[in-house]
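Engineer: This is the structure, below, for whatever I ask next.
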Amino acid sequence: MRRHPSRPDTRPLVLALLLSGCPPPSANTDASTNPPVDGSVPIADAGSDGGVTEIPDGSVDGGEPAADAGIDSGTPTSDAGLPVPDAGAQEPTDAGIPDGSADAGADGGSDAGTRAALPPWLTYCDPGLCDAIPPAVLAVCPANDPGCTPQRSTTVLPRVDGHSINAVFFPVFMPEGATLRVVDGNAGILAHLVTAYSPRIEVRSDVEVSLSYYNVQPIWGGTVSLDFVTTSQTSSVVDTVFFRHPGHDTGTAATDFHARAQQAITDERGITGVTSERIRSFVMPTELAGVAGEGNWSYGDGTVTSNYGNPDYIAALGGIMNVAFPRFAHECAHELFNEIAGFFPGNAGCLNEGIADALAYVAGHLPLQDFGPIGVTGVDFANGCASTTEIHDVGNCYFWHVHEAGLLTPPFMNGIFHPQHTFSFDSCAPTAELTGNAILVLFTEAAGGADLVPVLDAMGLVHAGSYDAARAALGF
């Protein structure tokens, strides 16, 4: 994930650790090519109706997600050449299951004729839908023969609740020095990590390998399924689909996540006085999330996705909730910002990121160290914001200084979500005077007229010198 409750000097390593399967190191990274593969926290009151009933379709209309363009929400990897799921491609799940009952998918399969909704970048391979997609073909070669032509092969079949899906991400664990390459088909390789846009992935190797963070063993000359099962739950504010590998005991994480999600949504809406679309939450391991980059997304239509990593990473961070829930709260804040984005017609990306972490923190659903003072690139916000460049660091730095001044409160965040003007400025240009003036006016009014000039000075932003002068410069 973008950040984790670890020492500041390990934060820039988080994405690499998540993908490699290594726990965070105590000081310096020493991630091996083939890390070991083996395989939650207190929850809020479930609130209103936490039963397990019908989940609506999770597909979207093909639009881009809401602005969250940093490491926790890069542009989803294009599944070029794959059919785009439409509204009918993902049927409701758990139809007819009474409230409070366990989802049939949790035991490895859903009711006949029903399927769990999928995150927007995945689709089920209904009869005929994926027939034209050729298999992705990979080759593993030993260090002394990197251009080998392996004689053995196994075919990996990614599935959700027993249904074939169109794409998957997984590591190939292989001997030291061995290399992995794409022979044919639509797939990408990064070291030992595979992103395959096909319902069939042929792995060719004459050396011993294992597949996935769940230690799937190849069947040479045959097929192996890379299976995931679902637990689907619904409530008045959020529908949750939780995915897991059947060999990974996630304990009560599915119900814990759904219960606390209701509380986080209620808390953030209560603080801001803003309501967004009903949330459709997809919570998944890296094998499914990694198809879309890092996998934490807000789509601006109620769809929110969360990547909880892999078993080693989960263990290192103390549980699925510690890994995924702060990011969920962050993405839900983006959904709320989407409702007021019209007040910020310029480049609001950095402001949006800062708001998302600040709101999640004020609401009690994101730990302080995920907010600051050390940014995702290792910068220290205490040194000011003028030299920050990464989208999350710029936004968080603004709000960190409000926090340090003792003004980052629920009323302040409410004021941010009820701006008194339309602010057209580039929030990712902290050295521009227009940015300083806009931040000074926005933050002063959100703070009920408190003197924010010392806070802007601590940020290192150029501004007109006073609230009134900044207002005048902005033409208000």
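Engineer: Can you name the strands (runs of 3 or more DSSP E) wholly within region 97-204 that have at least 2 residues being modelled with pLDDT of 95 or more, on the phi < 0 side of the Ramachandran plot and open to solvent by less than 20 Å² (accessible area, probe 1.4 Å)? Lay out the reasoning, then the answer.
Structural biologist: Values: elements: 136-141, 153-160, 168-173, 179-184, 187-190, 193-196.
Correct list: 136-141, 153-160, 168-173, 193-196.
Engineer: Which of the residues belonging to region 113-147 are small (Gly, Ala, Ser) and over 13 Å from Pro199 (Cβ atoms)?
Structural biologist: Those that are small (Gly, Ala, Ser) and over 13 Å from Pro199 (Cβ atoms): Gly113, Ala116, Ala117, Ala139, Ala143, Gly147.
Engineer: Looking at region 205-226, which of its residues are touching a Ser or Thr at 6+ places or on another chain (Cβ under 7 Å), hydroxyl-bearing (Ser, Thr, Tyr) and not in a strand (DSSP E or B)?
Structural biologist: Tyr213
Engineer: Okay, next question. Residue under question is Gly415, and the condition is that it be assigned to a loop (DSSP other than H, G, I, E, B) and either farther than 27 Å from Ala261 by Cα or over 20 Å from the mean Cα position of the chain (by Cα) (or both); does it hold?
Structural biologist: no
Engineer: Return a yes/no flag: does region 320-331 have any residue that is under 30 Å from Phe476 (Cβ atoms), modelled with pLDDT of 95 or more and open to solvent by 10 Å² or more (accessible area, probe 1.4 Å).
Structural biologist: Looking for residues that are under 30 Å from Phe476 (Cβ atoms), modelled with pLDDT of 95 or more and open to solvent by 10 Å² or more (accessible area, probe 1.4 Å), one finds none in region 320-331, hence no.
Engineer: Please verify whether region 228-239 includes one or more residues that are surrounded by fewer than 19 Cβ atoms within 10 Å (Cβ to Cβ) and not aliphatic (A, V, I, L, M).
Structural biologist: Yes, region 228-239 contains at least one residue that is surrounded by fewer than 19 Cβ atoms within 10 Å (Cβ to Cβ) and not aliphatic (A, V, I, L, M).
Engineer: Next up: Somewhere in region 330-353, is a residue in contact with a Lys or Arg (Cβ under 9 Å, 6 or more places away or on another chain) and of a type in the set (Asp, Glu)?
Structural biologist: no
For (1) over 12 Å from Phe343 (Cβ atoms); (2) surrounded by 17 or more Cβ atoms within 10 Å (Cβ to Cβ); (3) touching a strand residue (DSSP E or B) at 6+ places or on another chain (Cβ under 7 Å); (4) modelled with pLDDT of 95 or more, each residue gets a yes or a no:
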site	(1), (2), (3), (4)
His418	no, no, no, yes
His421	no, no, no, yes
Leu440	yes, yes, no, yes
Phe443	yes, yes, no, yes
Gly448	yes, no, no, yes
Val455	yes, yes, no, yes
Leu461	yes, yes, no, yes
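Engineer: Among the residues in region 243-259, are any open to solvent by 10 Å² or more (accessible area, probe 1.4 Å), among the β-branched types (Val, Ile, Thr) and not in a loop (DSSP other than H, G, I, E, B)?
Structural biologist: yes
Engineer: Tally time: how many residues in region 392-407 are surrounded by fewer than 24 Cβ atoms within 10 Å (Cβ to Cβ) and in a helix (DSSP H, G or I)? Walk me through it before giving the result.
Structural biologist: Residues of region 392-407 that are surrounded by fewer than 24 Cβ atoms within 10 Å (Cβ to Cβ), as a first pass: 403-407.
Pick out the ones that are also in a helix (DSSP H, G or I) and you get 403-404.
Result for region 392-407: 2.
Engineer: Further, regarding this structure: Give me the pairs: first residue in region 350-365 and open to solvent by less than 10 Å² (accessible area, probe 1.4 Å) and modelled with pLDDT of 95 or more, second residue among the charged types (D, E, K, R) and in a helix (DSSP H, G or I), beta-carbon distance under 6 Å, and six or more apart or on different chains, which are they?
Structural biologist: Leu359/Glu268
Engineer: If you don't mind, there's one more thing I want to ask. Can you pull out the residues in region 322-350 that are of a type in the set (Val, Ile, Thr) and closer than 14 Å to Met413 by Cβ?
Structural biologist: Ile340, the sole residue that qualifies.
Engineer: Determine the pairs where a residue that is over 11 Å from Met321 (Cα atoms), located within region 246-261, has a partner that is of a type in the set (D, E, K, R) and in a helix (DSSP H, G or I) with Cβ atoms under 9 Å apart, the partner being 6 or more residues away or on another chain.
Structural biologist: As it stands, the answer is Pro246/Asp107, since those pairs meet every condition given.
Engineer: Tell me which residues, restricted to region 205-227, are open to solvent by 10 Å² or more (accessible area, probe 1.4 Å) and more than 24 Å from Thr149 (Cβ to Cβ).
Structural biologist: Scanning region 205-227 gives Tyr214, Asn215, Ser225, Asp227.
Engineer: Tell me which residues, restricted to region 263-290, are among the polar types (S, T, N, Q) and either open to solvent by 10 Å² or more (accessible area, probe 1.4 Å) or not in a helix (DSSP H, G or I) (or both).
Structural biologist: Gln263, Thr266, Thr275, Ser276, Ser281, listed by residue number.
The values are calculated or read from the model by the stated rules, or taken from the named source; none is laboratory data. Since we're looking at a predicted model, the values are computed, not measured. Note that we place each Cβ from the backbone using ideal geometry, even for glycine, and neighbour counts take in every protein chain shown. Just so you know, the surface numbers come from the protein's heavy atoms only, side chains and all, with ligands and any DNA or RNA stripped out. Shrake-Rupley method; radii C 1.70, N 1.55, O 1.52, S 1.80 Å.
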